[in-house]
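Structure first, commentary second.
Derivation of every value follows stated rules applied to the coordinates shown; laboratory data play no part. Since the model is a prediction, treat every value here as computed from it, not as a measurement. Glycine also receives a Cβ, built like all others from the backbone with ideal geometry; neighbour counts cover every protein chain displayed.
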Amino acid sequence: MRNAFLIARRELEAYFISPIAYVVTAAMLVVLGYFFSVILFVTRQASLRPLFGGSALIVLLFVLPLLTMRLLAEEQRSGTIELLVTAPVRDGEIILGKYLASLAFYLLMLVPTLYYPVVLEVFGRPDWGPILTTYLGIILLGGSLLGVGTLASALTSNQIVAAVLGVGMALLLWLIPSLAGFVSGPLADVLQYLGLSSHIADFAKGIIDTRHVVYHLSVIAASLFLATRILETRRWR
Amino acid sequence: MITVRGLTKYYGSLPAIQDVSFDVAAGEVLGFLGPNAAGKTTTMRILTGYMPPSAGKAVVAGYDVVEHSLEARRHIGYLPESVALYPEMSVRAYLEFMAALRGVGPARRRKQRVDEVMARCQVAHMADRPIGKLSRGYRQRVGLAQALVHDPEVLILDEPTVGLDPAQIIEVRDLIRELGRDHTIILSTHILSEVEHVCQRVMIIHEGRIVAEDTRDRLRARLKGGELLYVEVAGAPSEEITAGLLSLPHVQDVRPLGDNAYQVTCTLGSDIRAGLAQFVVQKGWQLLELRRERISLEEIFLQLTSDEPRPDQAPAGR
Ligand SMILES: Nc1ncnc2c1ncn2[C@@H]1O[C@H](COP(=O)(O)OP(=O)(O)O)[C@@H](O)[C@H]1O
Ligand SMILES: [Mg+2]
């Protein structure tokens with residue numbers, strides 16, 4: 001665990017000097033800020049629900065894989081992975097460290113968005129309960145997407161491929177519930193449950209449902225487990 | 001300190017190394033010599049725990065590199081062939097990171113250790129430079145410094161002088177020789193003079209197999225079967241001189257090279273120069289030149305790795 005934090009700290013420092021991390025942050029803030037202003041102007045409601053309960057969050061599917069694409073792909077391309085995996089560190093600690101760095105950076109990216117509830121507080125009377133649960137939802141959604149992105153990055157030594165794979169996997173996961181319309185019975189329910197998009201709206205309503213929390217934690221655990229396996233087997237060939 | 005038995009590695013269906021076995025005693029400096037694609041990097045990557053072998057086993061500092069990989073890795077310092085380091089990190093930050101990963105602590109001890117290895121590898125004046133801005137020679141030294149930072153018993157250095165200019169090569173060789181006093185070292189190279197300069201023992205690998213392993217000096221002698229002399233004698237027909245030289249004690253073979261020159265092979269450890277000179281003078285011939293010939297590892301290497309079968313492994317029926 002100590003090793004994972006060492007790796008996370010190094011990786012986080014690398015984010016701060018990476019132009020891509022800043023571009024990603026800017027892109028996310030611009031898109032969310034735009035939606036926030038338009039929605040606020042149209043609805044005149046002191047609530048984050050229209051923003052974070054809806055389609056604006058799709059921006060995360062496209063920007064977060066750009067945050068994770070470098071994590072393992074670049075190490076594998078440049079060969080720096082060789083000294084990392086021959087240090088007395090477990091493969092799981094490497095993956096966890098990388099992931100934690102992306103999660104920490106994501107949390108920092110979210111700090112400027114706190115400006116939205118502050119605006120609401122200044123000009124209206126927002127209900128703070130749903131705002132807090134909304135943030136929990138966003139953090140969990142981002143956590144899942146970063147997990148998937150880390151997995152994508154472990155699969156290749158090309159950052160662009162990792163980004164495309166990450167976006168593709170995120171979209172697939174997001175869109176699974178739309179398949180539910182084509183089938184009926186329990187399978188439809190299963191498809192509904194498996195979809196990333198099914199596990200975000202309730203948070204914006206102020207509801208913390210453990211099923212949603214468990215879902216996100218499972219996506220994260222499964223992604224990191226698979227990424228660890230891939231890191232192992234990529235060397236075994 | 002290092003025991004390797006029957007190590008074999010397949011990439012797909014292609015064998016990169018086959019049945020590689022050797023031992024390295026504590027404090028020994030072993031040169032791992034072979035042309036490109038011989039399997040040096042593959043062997044070293046297995047020893048360092050980068051990848052597992054397809055078959056066979058390797059034990060480093062008492063720990064099996066597959067079963068007790070983490071423990072084995074703690075005792076190894078590794079300089080990979082590519083020396084890929086994080087370009088955005090400063091030399092100091094990188095070394096502190098590697099030291100922490102290898103369990104050097106607490107922080108004060110780690111700082112001190114990093115300062116020590118930076119001084120030893122002569123990169124102290126570059127401590128705050130980003131690694132990406134360093135020359136190849138300095139990056140190589142930073143690579144060496146990270147291999148040393150946790151004071152490992154075993155150093156595995158994959159082509160440590162490749163890509164360096166002659167002055168840097170000498171510096172790195174001196175450093176390795178000095179490290180050899182208190183470390184067990186395996187050093188791979190495709191340059192013969194490197195092993196001549198640095199290693200006590202040599203192992204030659206070709207197409208994934210060990211073709212020779214001995215001390216540097218014995219290997220040199222064993223291959224040609226003895227000491228070599230270059231002699232120029234005039235004053236008699238070639239056949240008579242050849243026969244005369246052959247009659248001397250310790251002489252195993254005499255080969256006329258033309259122009260009064262002969263190559264004389266003598267038993268290992270003998271020095272018949274004085275006797276030979278006396279003999280030629282007694283015969284009334286003229287001794288024009290007499291010198292010892294050193295067989296270079298280059299010749300040994302060509303002899304061992306040329307594709308013609310060696311006598312001891314010629315296929316039956318040839
Ligand atoms: N990752 C790999 N995948 C497939 N083949 C490889 C790989 N690494 C090395 N090889 C092959 O294995 C053989 C030995 O390579 P290597 O161990 O790098 O030799 P050396 O270090 O002596 O130059 C070569 O034929 C090389 O092409
Ligand atoms: Mg090599």
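Things to note:
- Label-point separation in nm, A:ARG90 to B:ALA261, each point 7 Å along Cα→Cβ: 6.7 nm
- Antiparallel bridges, percent of DSSP beta bridges restricted to the protein assembly as shown (to nearest 5): 70 percent
- Cα-only radius of gyration and Dmax that characterise segment A:66-198, units Å: 18.6, 57
- Point-charge dipole on Cβ atoms (K/R +1, D/E -1) for segment A:105-237, about Cα centre, debye to 20: 480 debye
- Pairs of Cα atoms nearer than 8 Å and 6+ residues apart set the relative contact order; for segment A:1-236 it is 27 percent.
- The fraction of all Cα pairs in the protein assembly as shown landing in successive 10 Å bins from 0 to the largest distance is 3, 15, 19, 18, 14, 11, 8, 5, 3, 2, 1, 0, 0, given as whole percents.
- Kirkwood hydrodynamic radius computed over segment A:56-120 comes to 13.9 Å, based on all pairs of distinct alpha carbons.
- When only the Cβ of Lys, Arg, Asp and Glu is charged (+1, +1, -1, -1), the dipole of chain B relative to its Cα centre reaches about 1120 debye.
- Here the spin labels are modelled as points 7 Å beyond Cα on the Cα-Cβ line, and at B:GLU67 and A:SER218 they lie 3.9 nm apart.
- Percent of alpha-carbon pairs separated by more than 23 Å within segment A:3-108: 40 percent
- The modelled label-to-label distance between A:ARG211 and A:LEU171, using points 7 Å beyond Cα along the C-beta direction, is 2.8 nm.
- Spatial extent of segment B:60-135: Rg and Dmax, with the Cα atoms as the point set, Å: 14.0, 41
- Flagged links, alpha-carbon separation over 31 Å, of B:LYS9/B:LYS111; A:LYS98/B:LYS133; B:LYS40/B:LYS133; B:LYS111/B:LYS133: B:LYS9/B:LYS111
- For segment A:1-236, a crude dipole built from +1 on the beta carbon of Lys and Arg and -1 on the beta carbon of Asp and Glu, taken about the Cα centre, is about 80 debye to the nearest 20.
- Peptide A:83-95 has a mean of 6 when you count, residue by residue, the C-beta atoms of other protein chains within 10 Å of its C-beta.
- With a Förster radius of 51 Å applied to the beta-carbon distance between A:GLN192 and B:LEU14, the computed FRET efficiency rounds to 0.60.
- Shielding by partners, peptide B:95-104 (average Cβ within 10 angstrom, other chains): 4
- Candidates B:GLY105, B:GLY235, B:GLY34, ranked by Gaussian network fluctuation over chain B, Cα under 10 Å, top entry: B:GLY235
- Axial C-alpha extent at least 24 Å, average Kyte-Doolittle at least -1.0 - helices from chain A (DSSP): A:19-43, A:91-110, A:128-154, A:159-179, A:210-236
- Farthest toward positive dipole pole in the protein assembly as shown [+1 Lys/Arg, -1 Asp/Glu at C-beta], among B:LEU245, B:VAL231, A:LEU173: A:LEU173
- Each part reduced to its alpha carbon centroid, segment B:88-157 and segment B:19-84 end up 22 Å apart.
- Where GluC sites (Glu not before Pro) fall in DSSP loop in segment B:1-83, at most 16 other Cβ within 10 Å: B:GLU67
- Segment B:85-220: relative contact order in percent, alpha carbon pairs under 8 Å with at least 6 residues between: 20 percent
- Taking segment A:17-128 and dividing mean pair separation by its residue count, relative contact order in percent (alpha carbons under 8 Å, at least six apart): 39 percent
- Selection among B:VAL59, B:PRO256, B:ALA119 by position relative to the dipole of chain B gives B:ALA119 as farthest towards the positive end (Cβ unit charges, Cα centre).
- Within a Gaussian network of chain A (alpha carbon springs, distance under 10 Å), most fluctuating of A:VAL63, A:VAL89, A:VAL183: A:VAL183
- Calculated FRET efficiency for the pair A:ILE160/B:GLU196, C-beta based, R₀ 56 Å, to 0.05: 0.75
- Fluctuation leader among B:VAL202, B:VAL251, B:VAL142 - chain B, Gaussian network, Cα springs under 10 angstrom: B:VAL251
- Ordering B:LEU179, B:GLY132, B:TYR50 by Cα displacement along the dipole of chain B toward the positive end leaves B:GLY132 in first place; charges were set at the Cβ atoms of Lys, Arg (+1) and Asp, Glu (-1).
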